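Worksheet: the structure to be examined is printed underneath.
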Amino acid sequence: MAFVDELKVHMKSGRGGNGVVRWRREKFIDKGGPNGGDGGRGGNVYVVAVRSMHTLAKYKHQKEFKAGVGEPGGGTSLHGANGDDMVIDLPVGSVITRKGKDSRYSLDTEGQKIMILRGGSGGYGNEHFKSSTNTTPIEWTAGRDGDEADFYIELELFADLGLVGLPNAGKSSLLNTLTNATAKVGSYEFTTLEPNLGALGNHIIADIPGLIEGASEGRGLGVKFLRHIKRTKMLAHLVSFENLSKEKKEEKKSFIKKMFSKSESENGMMKVYKDIRKELETYDNKNKLGHEGLSTKDEVIILTKTDVVDAETISEIKKEFEKLGNPVLSLSLYDDASIKALEHELLKLLEKIK
């Protein structure tokens, strides 16, 4: 099923049923009084949060949603049946914007239910107008129209930890290793074309598709996926050793200096990190997110694919990243001890921010 994270739809609540004019007809009663019932109300439109980020794909080809119409009233004071409500399942993290009025609704927790359109009220039957001075009313009123509007629905994933980094930094592999996820893994860039979720204990981890320089301007997978990390509590910034393994043969100090000098090579690890940080900051500035922006979130740096370099190199580079002030962890997916140590440290960090 293709991943869908935004929709434009038209929704309409139900029209109320009409009231009616009816008269009591009983044996031995010469003149019965009014007993026309009121019409039923039109159906409301609700949105409900469900824990499935693929739910929007169900509505990809459905552009209109309508609630049921209220039934007219009946004789013997019968009230018309209410119209059926329209209940639309949407993923947790959905933001629904009503066009024209700029009303916004946010589904933040599973099971949350919000009425976004109220059905029209039912009309009054002639019994409603009976009084001491009007014993045979013939008045009745029509049901009111329901409300309708165009809506824009966008998904902003909720997660405790968002994995970010360049394409092929090892995000999907890490997610699959730490959680029950089955994200696609490949040896080419942009293997991940949609966010993936997994659970580590009671914490949700999201693998955000690879970012590149210029992502905040729409390059690569662009801003479409930057918005998915807006609601994550913490970012794990993955920086891979993989493209640097060819430098292993260089003299040690020269290698370390190259990785962190101002004239860094294109594949320098600090440059890779700073390039992604720049995209987060640019996105924040363009969207005026301020202190709630992506670049202000708690962050942990994870140095991945450590199996391609020696332990001394890992230690030196880790020290350089620690100067930035954030926790720095390292990982080799071929080393069970490394995986368990990383899992332990991540859980401690997540519990702290929770």
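Considering each residue of the range 9-19, count those that are over 8 Å from residue 39 (Cβ atoms), open to solvent by 10 Å² or more (accessible area, probe 1.4 Å) and assigned to a loop (DSSP other than H, G, I, E, B), and give that number. Of the residues in that region, 1 qualify. Condition first: open to solvent by 20 Å² or more (accessible area, probe 1.4 Å), touching a strand residue (DSSP E or B) at 6+ places or on another chain (Cβ under 9 Å) and modelled with pLDDT of 90 or more. Can you find one or more residues in the range 26-38 that meet it? The answer is no; no qualifying residue exists.
Which of the following residues is open to solvent by 20 Å² or more (accessible area, probe 1.4 Å) and modelled with pLDDT of 85 or more: 180, 176, 196? Give the steps one after another, and end with the answer.
Working: 180 fails: modelled with pLDDT of 85 or more; 196 fails: modelled with pLDDT of 85 or more.
Exactly one of 180, 176, 196 is open to solvent by 20 Å² or more (accessible area, probe 1.4 Å) and modelled with pLDDT of 85 or more, namely 176.
If you go through the range 81-104 and pick out every residue that is within 17 Å of the chain's Cα centre (by Cα), surrounded by fewer than 21 Cβ atoms within 10 Å (Cβ to Cβ) and more than 30 Å from residue 71 (Cα to Cα), you end up with 3.
Taking the criterion of being under 27 Å from residue 62 (Cα atoms), at pLDDT 95 or above and part of a loop (DSSP other than H, G, I, E, B), would at least one residue in the range 126-143 satisfy it?
Within the range 126-143, the first condition is being under 27 Å from residue 62 (Cα atoms), and the residues that meet it are none.
No; the residues of the range 126-143 include none that is under 27 Å from residue 62 (Cα atoms), at pLDDT 95 or above and part of a loop (DSSP other than H, G, I, E, B).
Of the set (1) modelled with pLDDT of 90 or more; (2) of a type in the set (D, E, K, R); (3) not in a helix (DSSP H, G or I), all apply to residue 264 but (1). Scanning the range 105-143 for residues that are hydrophobic (A, V, I, L, M, F, W, C) and surrounded by fewer than 17 Cβ atoms within 10 Å (Cβ to Cβ) yields 114, 115, 138, 142. Is one or more of the residues making up the range 73-90 closer than 30 Å to residue 276 by Cα, touching a strand residue (DSSP E or B) at 6+ places or on another chain (Cβ under 6 Å) and at pLDDT 95 or above? Taking every residue of the range 73-90 in turn, none turns out to be closer than 30 Å to residue 276 by Cα, touching a strand residue (DSSP E or B) at 6+ places or on another chain (Cβ under 6 Å) and at pLDDT 95 or above.
Here residue 3 meets each of (1) modelled with pLDDT under 95; (2) in a loop (DSSP other than H, G, I, E, B); (3) in contact with a Leu (Cβ under 7 Å, 6 or more places away or on another chain) with one exception, condition (3). Out of 319, 253, one residue alone is open to solvent by 40 Å² or more (accessible area, probe 1.4 Å), at pLDDT below 90 and out of contact with any helix residue (DSSP H, G or I) (no Cβ under 6 Å at 6 or more places or on another chain). It is 253.
Mind listing whichever residues of the range 49-107 are of a type in the set (Asp, Glu) and not in a loop (DSSP other than H, G, I, E, B)?
The initial filter retains those residues of the range 49-107 that are of a type in the set (Asp, Glu), namely 64, 71, 84-85, 89, 102.
Answer for the range 49-107, where residues must be of a type in the set (Asp, Glu) and not in a loop (DSSP other than H, G, I, E, B): 64, 89.
When the range 274-316 is filtered for residues that are open to solvent by 10 Å² or more (accessible area, probe 1.4 Å), polar (S, T, N, Q) and part of a helix (DSSP H, G or I), the ones remaining, listed by number, are 282, 285, 295, 296, 306, 315. Remark: pairs (first residue in the range 91-105, touching a residue at least 12 places away in the same chain (Cβ under 8 Å); second residue hydroxyl-bearing (Ser, Thr, Tyr); Cβ separation under 7 Å; 6+ apart in sequence or on different chains) = 91/52; 91/55; 92/109; 95/106; 96/105; 97/152; 99/152.
The values are calculated or read from the model by the stated rules, or taken from the named source; none is laboratory data. For clarity, every value in this text was computed on a predicted model and none was experimentally measured. Cβ coordinates were reconstructed from backbone atoms using ideal geometry, including for glycine residues, and neighbour counts include every protein chain displayed. These accessible areas exclude ligands, DNA and RNA; they are computed on the full protein's heavy atoms, side chains included. Shrake-Rupley method; radii C 1.70, N 1.55, O 1.52, S 1.80 Å.
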